[in-house]
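Written out below as structure tokens is the structure these notes cover.
The values are calculated or read from the model by the stated rules, or taken from the named source; none is laboratory data. Since the model is a prediction, treat every value here as computed from it, not as a measurement. We place every Cβ from the backbone using ideal geometry, glycine too, and count neighbours over all the protein chains shown. Surface areas here come from the heavy atoms of the whole protein model, side chains and all, with no ligands, DNA or RNA. Shrake-Rupley method; radii C 1.70, N 1.55, O 1.52, S 1.80 Å.
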Amino acid sequence: MTEDVFDGLLGSDHSTEESADEGRALLTIERRMNIVKTVNMHKTATVAEIAEWLGASPATVRRDLAWLDEQGLITRTRGGATTIDYPSQVTFRRTIPSYEQRLNEYVEEKQSIGQCAAEHIHDGETIILDASSTNHYVLPFLAKKRDLTIITNSLYISKELMTISETNPSLTVICSGGT
């Protein structure tokens, strides 16, 4: 392990922890090193398994997994972590375009799909729009609809719908997590 990565295992709270209690900083390093070692050995591990193996709280393990994922030492997953397969992970992260990139691809086709989809949406209906970039192109065609309830899990779509609802107050926008 390189010195930079080893030093980085302490995280941004290194100086506070080390100055308050030098043993505490070592526990943080050891815990994070053990997490990486354990995940690499088993290829995958859940938060509960890691917490049990290390005798740490699940909250501490989740914070450590998030930090280790940011450092590129493991891959954080829902409920746990997996080992990094460097060639495939690097390729995977490089090949997934961002939402903005996807939004600007195949624009004419997405506009046509958006218009066609909107023709099947009638006043007073409730619809669900997921976080796909194509759904973004349905939105301009919904501006003149009345009494629509739109449920979405997308911050991009909900933000755009809030702008549309300023000129069309009959739209109700429900985001997963609240209205």
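Here LYS144 is the anchor, and the lysines within straight C-alpha reach of less than 25 Å, apart from those fewer than 8 places off in the same chain, are LYS110, LYS159. A simple spin-label model places the labels of THR149 and ASP123 1.8 nm from each other, with each point 7 Å out along Cα-to-Cβ. Estimated at the nearest 10 Å², the accessible area of THR172 is 60 Å² with a 1.4 Å probe. Take HIS122: with every protein chain present and a 1.4 Å probe, its accessible area is about 100 Å². Placing pseudo-labels 7 Å out from each Cα toward the beta carbon at GLU109 and SER176 gives an inter-label distance of 2.6 nm.
Charge tally for SER170 (other residues, Cβ to Cβ under 14 Å; Lys, Arg +1; Asp, Glu -1): -1.
Over all directions, the average projected area of the alpha-carbon convex hull for the range 94-179 comes to how many nm²? All intermediate terms of the calculation are to be shown ahead of the outcome.
Details: hull surface 22.9 nm².
Directional mean of the projected Cα hull area for the range 94-179 stands at 5.7 nm².
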